[in-house]
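The values are calculated or read from the model by the stated rules, or taken from the named source; none is laboratory data. A quick note: this is a predicted structure, and the numbers were derived from the prediction, not measured. Here the Cβ positions follow ideal geometry from the backbone for every residue, glycine too, while neighbour counts run over all protein chains shown.
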Amino acid sequence: MRRQFLKGLAAVAAMGLTGLPAMAQDAQQFYAGKAIKWIVPYKPGGGYDEYSRLLAPYMEKYTGARIEIVNVPGAGGMKGANEIFNAPDDGLTVGIINGSAMVTNQLAEIKGARYKVADYNFLGRVAADVRVLVTSPNNGFGSLEDIMSSDSPIVLGATGLGGSTYVDAVIIGDVFKLKQKVVHGFNSSSDVRQALLRGDIHGMWGSLGSALSGAANGDHRIILQSGRGEIPGVGNVPSLFDYIEKAENKELAAEIMTAWDALNAVGRPVAAPPGIPEDRVAFLRDAFQKSMNDPDFLAKANSAERELSFADGATMATVAAQATQMSPEVEKLMIAAIRGEL
């Protein structure tokens, strides 16, 4: 009986006066009244900046700290990503990054990339856009079967070598041995879409968010997606994962598709540098999850027409590992696509 009583006292002491586990209580006390530097790796006014400013009041609510947003533009988001990664490991610097772009920079060994994506302490993900293939409604390419059975190649438009529209096209083309011609060098995705409207090309890969308006007004149709579920407002669009059995090397195709999917799934995460004490990481992750699920935040994000695709910190750690740790054969293909060598 006495032993049970002593155990009870120990449990009460471990919980602290607030009812929180001792480690969580220590982290809560640490952050109370402090300032957290939140880095945005782009200029004010863009999507990353808006997501950050929408989230800041809720992170303040759930951490008890002040959020100080600092814009650190440069090198396509890499300057800010470097600053987050190389910040002091006290848990007082976090930031939002272009995760997918940072992965491709790391894989291609772009000069100036002073980070390892899988080594960040991820708080979670704000958004990740599904990749889709769109074609003109009247050009005969309405499905992957149409592309695979066509006597003439499908002509796909893309921005610069190594850009996402190019990488998507050449990786999928290689996996399924498609007859295709990828015309690259367009200044922007909107220029590619204009070429599609003119009939200069047959289709393009891009983000779901960018494709929705054109699909809604009938300018083009979404025929394939990188995701696996129904697309709200569009309906059932075949997933490329449904077609793996049609690949010549099914096992390799599945591995490539998993790495490609992980690359897209990294999306826009919020991350902190390596080496932060575990209790502070856990506390920040909990605050981020509460912020992302706060009804008031969700309403404001909806009013701002900002898409959300929340994933928790542990999930993002797994996704980042899948996107950067792959077999030599798959890594070689991914690097060749990123460098514009396919």
From the set of residues in the range 78-115 that are over 21 Å from residue 331 (Cβ atoms) and free of Cβ contacts under 8 Å to residues at least 40 places away in the same chain, which is surrounded by the fewest Cβ atoms within 10 Å (Cβ to Cβ)? 79
Does the range 211-222 contain any residue that is within 18 Å of the chain's Cα centre (by Cα) and closer than 12 Å to residue 134 by Cα? yes
If we scan the range 280-303, do we find a residue that is assigned to a loop (DSSP other than H, G, I, E, B) and on the phi > 0 side of the Ramachandran plot? no
Taking the condition touching a residue at least 24 places away in the same chain (Cβ under 8 Å), surrounded by fewer than 17 Cβ atoms within 10 Å (Cβ to Cβ), in contact with a strand residue (DSSP E or B) (Cβ under 9 Å, 6 or more places away or on another chain) and not aromatic (Phe, Trp, Tyr), does residue 296 pass? no
Considering the range 209-249 alone, what residues qualify as being closer than 22 Å to residue 319 by Cα, in a loop (DSSP other than H, G, I, E, B) and in contact (Cβ under 8 Å) with a residue 60 or more places away in the chain? 226, 227
Residues within the range 116-149 that are at pLDDT 90 or above, surrounded by 20 or more Cβ atoms within 10 Å (Cβ to Cβ) and within 26 Å of residue 306 (Cβ to Cβ), tallied: 12
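With the requirement that a residue be assigned to a helix (DSSP H, G or I), over 18 Å from the mean Cα position of the chain (by Cα) and touching a residue at least 40 places away in the same chain (Cβ under 8 Å), what does the range 24-53 give you?
Selection gives 24, 26, 27, 28, 30, 31.
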Identity of the residue in the range 108-154, part of a loop (DSSP other than H, G, I, E, B) and acidic (Asp, Glu), that ends up nearest to residue 291 (Cα to Cα): 129
From 168, 174, grab the single residue that is touching a strand residue (DSSP E or B) at 6+ places or on another chain (Cβ under 6 Å) and closer than 26 Å to residue 265 by Cβ. 168
Only one of 308, 342, 252 is outside any helix (DSSP H, G or I) and more than 23 Å from residue 57 (Cα to Cα), namely 342
Selection from the range 201-258 of residues among the basic types (Lys, Arg), at pLDDT 90 or above and within 26 Å of residue 320 (Cα to Cα) yields 250
Can you pull out every residue in the range 295-315 that is at pLDDT 95 or above and of a type in the set (Lys, Arg)? 300
Out of all the residues in the range 38-72, which are surrounded by fewer than 18 Cβ atoms within 10 Å (Cβ to Cβ), within 15 Å of residue 92 (Cβ to Cβ) and touching a strand residue (DSSP E or B) at 6+ places or on another chain (Cβ under 8 Å)? 56, 60, 66, 68, 69, 70
